[in-house]
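Worksheet: the structure to be examined is printed underneath.
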Amino acid sequence: MIAFANGFLARARTIPLRWLVALFTVTQLLDLVSALVVAREMNPIVAGMVEQPVLGLALKLALIGFVVATAEICDRRRPGLARLVLIVGATAGVVGALSNTHLTPFLTA
């Protein structure tokens, strides 16, 4: 298991940070957009944000800025950790967006 983790981090270090930042940003925004267009959101925290789209956008942009800043700081000493943070965040964005697409029909208005 440790050998797998070390191999994964070694491969992750070869990916340029700016590509992972772009991937993370796109997947998080995709999650936000999919949450805004579904008729009913299952997550009660996100449901409250969806009622006020400007608040949801502001919070999502703050989250993106915080995670990217954290990854930039970590990249100086622990480049593998910085990339792992962005990969986990991008995966969470994809899972969040996909979970919104099949829960309810999309709004027609």
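The values are calculated or read from the model by the stated rules, or taken from the named source; none is laboratory data. If you're wondering where the values come from, they're calculated on a predicted model, not measured in any experiment. As a convention, Cβ positions derive from the backbone with ideal geometry for all residues, glycine included, and neighbour counts pool all protein chains shown. Keep in mind that these areas ignore ligands, DNA and RNA; they rest on the heavy atoms of the full protein, side chains included. Shrake-Rupley method; radii C 1.70, N 1.55, O 1.52, S 1.80 Å.
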Task: helices (runs of 4 or more DSSP H) within region 1-85 that include 3 or more residues modelled with pLDDT of 90 or more and either crowded, with 16+ Cβ neighbours inside 10 Å or of a type outside the set (Lys, Arg) (or both) - done: 17-37, 53-77
Task: Of all residues in region 86-99 being closer than 18 Å to ARG18 by Cβ and touching a residue at least 12 places away in the same chain (Cβ under 8 Å), the one that is most open to solvent (accessible area, probe 1.4 Å) - done: ILE87
